[in-house]
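**Q** Got a structure for you, questions after.
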Amino acid sequence: METEKSLEVKSYKVYYKTFNGHVRAVDGVDLNVHQGEIVGLIGESGCGKSTLAQSIILLRPPMEYMGGSVILNGRYDLTKMSPEKRKEIMLKEIALIPQYALDALPIIKKIRVFVNDLARDKGFNEKELLEIFKERLRQVNLTERILDMYPLELSGGMKQRVVIAVSTLFRPRLLIADEPASALDVVTQRQVLELLKQLRDDGIVGSLLFITHDIASIVQIADKIATMYAGKVVEVGSAETIIKEPQHPYTFLLINSIPLLGVSYKEKRLTGLGGAPPNLLNPPSGCRFHPRCPYAMPKCSEEQPPLTNLGEGHSVFCWLYERG
């Protein structure tokens, strides 16, 4: 029996309005995150990953909603909700760890004051919520002295862990983590990844959408991986399948452009990924990857590829797998 979906994104489109036209940052995305699942979303910088995350949390100019639906926890269509209603469910039904921790912390307030403000805003008893926050601080390996510090007094790793503590304070059913470890050193990155997975395992977080361009980190945490290219999801499958048997040419080249632990250069050369991502003001016709694809056929530049299900939850948008 299929588990409940924490997030169901269908034909979702979000463009950026500019003087030169619309940048098609998210252009018909379909993506599901089931309850208890960690889904990793990978792709090059500029492919639309962060726009997807940010628009789900709060759609604001210059972003413009252009179509599709985003169903949260089987109950809320976020595309039809007012900003006031979104704010009401924030941190409870859904929460975000932003790419830059300081974006989420008011620099002129001590952490204690910030948490007390959250308690009043969400209708919680300040003392009770503060005790929960202290426990969360222990879980992220921080001491209570953090409460009487300003964000500017904290290191990058400490700020990120404070944001994780805040984001999980109300035990959200879905947590979106947008490049949560990109600004951290390697040791702290590993700690953050292990912590996020543990929070899911402990039931503090229901499910997790983990966004990154770092494939090495996604391997450590994800149950399922989705690859995004030029505003579109092009392949989805289990983490093991995507890493070991990627089928979309873009996913294959992306995976094979990074060194693997324990594999020498003599055994396996890195393939590299030629060219550059397209300008999303005027994206290529047909499959958006065709100008860079070594397997491109004439029809690749003419028509968008259909979705092909390869079995066991593995699907791909590519003409190579067309089944007539």
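**Q** Say whether the condition of being β-branched (Val, Ile, Thr) and touching a strand residue (DSSP E or B) at 6+ places or on another chain (Cβ under 6 Å) is met by at least one residue in region 118-132.
**A** Within region 118-132, not a single residue is β-branched (Val, Ile, Thr) and touching a strand residue (DSSP E or B) at 6+ places or on another chain (Cβ under 6 Å).
**Q** Continuing with the same structure: Which condition breaks for residue 27 when tested against (1) in contact with a helix residue (DSSP H, G or I) (Cβ under 7 Å, 6 or more places away or on another chain); (2) crowded, with 19+ Cβ neighbours inside 10 Å?
**A** (1)
**Q** Which members of region 51-70 meet the condition of being touching a residue at least 60 places away in the same chain (Cβ under 8 Å) and buried (at least 18 other Cβ atoms within 10 Å of the Cβ)?
**A** Within region 51-70, 52, 53, 54, 56, 70 meet the criteria.
**Q** From 13, 17, which residue is of a type outside the set (Phe, Trp, Tyr), more than 29 Å from residue 160 (Cβ to Cβ), surrounded by 18 or more Cβ atoms within 10 Å (Cβ to Cβ) and in contact with a strand residue (DSSP E or B) (Cβ under 8 Å, 6 or more places away or on another chain)?
**A** 13
**Q** Of everything in region 106-133, what is without any contact (Cβ under 8 Å) to a residue 24 or more places away in the chain and surrounded by 13 or more Cβ atoms within 10 Å (Cβ to Cβ)? Give them in sequence order.
**A** 113, 116, 117, 119, 124, 126, 130, listed by residue number.
**Q** Looking at region 144-160, is at least one residue under 30 Å from residue 8 (Cβ atoms) and surrounded by 15 or more Cβ atoms within 10 Å (Cβ to Cβ)?
**A** Among the residues of region 144-160, at least one is under 30 Å from residue 8 (Cβ atoms) and surrounded by 15 or more Cβ atoms within 10 Å (Cβ to Cβ), which makes the answer yes.
None of the figures in this text is laboratory data; all of them are computed from the coordinates on show. Bear in mind that the values here come from a model prediction, so they are computed numbers and not experimental data. Here the Cβ is made from the backbone with ideal geometry for all residues, glycine too, and neighbour counts use every protein chain on show.
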